[in-house]
Amino acid sequence: NAMSSAMNTAAGDAADGQQRLAHTQANPQQAYELLLTLDNPPGPFAVVEGVAQYDVANEAQCGNINPLTGTAERITHQQAIVLQAVGPNQYRGTVYRDLMRDEDYYGRGVCHWQFSGAGALLKASAAAGQTRFTHFISAAQIEQGQTATRHYPAGDYPQVAGMADYGQAGKADADSYVAALRDQLFSATLHASKVGL
């Protein structure tokens, strides 16, 4: 089916119709356990989804040249991560650093993928219009064993009045919110650790 195959392509080539598959490794080895922890959530989240982001590091050497700009287009791929509840307000999934397979997509040289990080999306329910609470931890933060925490206004849950599908990315610093909002925040923390260590 064209829709699902389009979802698997190296994004960014849709405009010229030269969609090529972004291939994954048959059995990637570098597994990380991704842990999402919510603190003081304003209610339940029926939708909790994870995603791993991969980007080609050398698209200038290997990517498709856009005839309008004369430059190579960015090649990126997002892979769903299943986040399963493992306790109150805690979700766990597995992400692979080496998921993508380096290949020559356009006959210009081998494209080298790199893992950019992992994200999460939370919604109160699957109903239309719900606020989309988003979070992301970079590959560099993961490598350094860091956690990434975002703070969100509880008032944006489950939906912002008059703003369907509002995207709320939160703030890293709770103190950057106005004083009136600071005691009405909840947070989400992402941490990833190597499996088998």
Item to check | Out of Ala154, Ala120, Ala188, Ala172, sole residue that is touching a Lys or Arg at 6+ places or on another chain (Cβ under 8 Å), surrounded by 14 or more Cβ atoms within 10 Å (Cβ to Cβ) and more than 26 Å from Asn58 (Cα to Cα) | outcome: Ala188
Checklist entry - Looking only at region 27-45, which residues are surrounded by 15 or more Cβ atoms within 10 Å (Cβ to Cβ) and not in a strand (DSSP E or B)? => result Pro28, Pro41, Pro42, Phe45
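Residues Val86, Val48, Val95: which one is open to solvent by 40 Å² or more (accessible area, probe 1.4 Å), closer than 29 Å to Ser193 by Cβ and assigned to a strand (DSSP E or B)?
Val86
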Checklist entry - Looking at region 56-75, which of its residues are surrounded by fewer than 17 Cβ atoms within 10 Å (Cβ to Cβ) and assigned to a strand (DSSP E or B)? => result Ile65
Checklist outcome for this item: Pairing a residue in region 171-197 that is within 26 Å of Gly93 (Cβ to Cβ) with any residue that is in a helix (DSSP H, G or I), where Cβ atoms lie under 6 Å and the two sit 6 or more apart in sequence or on different chains, gives Leu185/Ala174; Phe186/Ala154; Ala192/Ile142
Checklist outcome for this item: For region 38-55, pairs from a residue that is over 24 Å from Ala127 (Cβ atoms) to a residue that is aromatic (Phe, Trp, Tyr) and assigned to a strand (DSSP E or B), with Cβ under 8 Å and 6 or more apart or across chains, are Asp39/Phe186; Ala52/Tyr96; Ala52/Phe115; Gln53/Phe115; Gln53/Phe136; Tyr54/Trp113; Tyr54/Phe115; Asp55/Trp113
Checklist outcome for this item: By residue number, the members of region 48-98 that are under 26 Å from Ala26 (Cβ atoms), more than 22 Å from the chain's Cα centre (by Cα) and of a type in the set (A, V, I, L, M, F, W, C) are Cys62
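The values are calculated or read from the model by the stated rules, or taken from the named source; none is laboratory data. What you see is a predicted model; the values in this text were computed from it and never measured. We place every Cβ from the backbone using ideal geometry, glycine too, and count neighbours over all the protein chains shown. Just the protein is used for accessible areas: all its heavy atoms, side chains included, with ligands, DNA and RNA removed. Shrake-Rupley method; radii C 1.70, N 1.55, O 1.52, S 1.80 Å.
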